[in-house]
Amino acid sequence: QVELQESGGGSVQSGGSLRLSCAASGDTDRTSCMGWFRQAPGKEREGVAILGSDVRITYRDSVTGRFTISKDNAKFTHYLEMNYLKSEETGVYYCVADVIAFGVETDYAYWGQGSRVTVTY
């Protein structure tokens, strides 16, 4: 069993920054690929950034250049640094993990409970 715990959400003005963290526990051998999805109010969930076991990284086009995903293997934790946030990026951000899945359009086996991000005008 894998547990993912997000932290770091909150409220920020448009153009501001936030950093999300996701700590994995349990069967961490099954969290080779980790990343982030988000769901805006009234919209479908979408992939934001994924970090593969071989350090491949992929981002959703709309966040490229503004968001950075990274990880600390020793802590089984990965991070999402979000800069120049836009109001339309308000939503719930979910940490995801899987053994081999990779890509922002791929489904993932493990999901966190979500961390709310609010970007105000």
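The values are calculated or read from the model by the stated rules, or taken from the named source; none is laboratory data. Quick caveat: nothing in here was measured; it's all calculated off a predicted structure. Here the Cβ positions follow ideal geometry from the backbone for every residue, glycine too, while neighbour counts run over all protein chains shown. For the accessible areas, the whole protein counts, side chains as well, though only heavy atoms, and no ligand, DNA or RNA atoms are used. Shrake-Rupley method; radii C 1.70, N 1.55, O 1.52, S 1.80 Å.
The table below lists the values:
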quantity	calculated
Residues of region 103-121 that turn out to be assigned to a loop (DSSP other than H, G, I, E, B), open to solvent by 20 Å² or more (accessible area, probe 1.4 Å) and either within 21 Å of Gly26 (Cβ to Cβ) or at pLDDT 95 or above (or both), as a count	4
Search result, residues across region 23-62 that are surrounded by fewer than 16 Cβ atoms within 10 Å (Cβ to Cβ), among the β-branched types (Val, Ile, Thr) and closer than 23 Å to Asn83 by Cα	Val55, Ile57
Unique residue being assigned to a loop (DSSP other than H, G, I, E, B) and β-branched (Val, Ile, Thr) when the list is Val55, Val48	Val55
Residues of region 1-20 classified as open to solvent by less than 40 Å² (accessible area, probe 1.4 Å) and closer than 13 Å to Ala97 by Cα, total	3
Where Leu18 falls short, out of the listed (1) within 14 Å of Thr90 (Cα to Cα); (2) among the hydrophobic types (A, V, I, L, M, F, W, C); (3) without any contact (Cβ under 8 Å) to a residue 60 or more places away in the chain	(3)
Single unsatisfied condition, Met82 versus (1) hydrophobic (A, V, I, L, M, F, W, C); (2) open to solvent by 20 Å² or more (accessible area, probe 1.4 Å); (3) more than 16 Å from Leu4 (Cβ to Cβ); (4) touching a residue at least 60 places away in the same chain (Cβ under 8 Å)	(2)
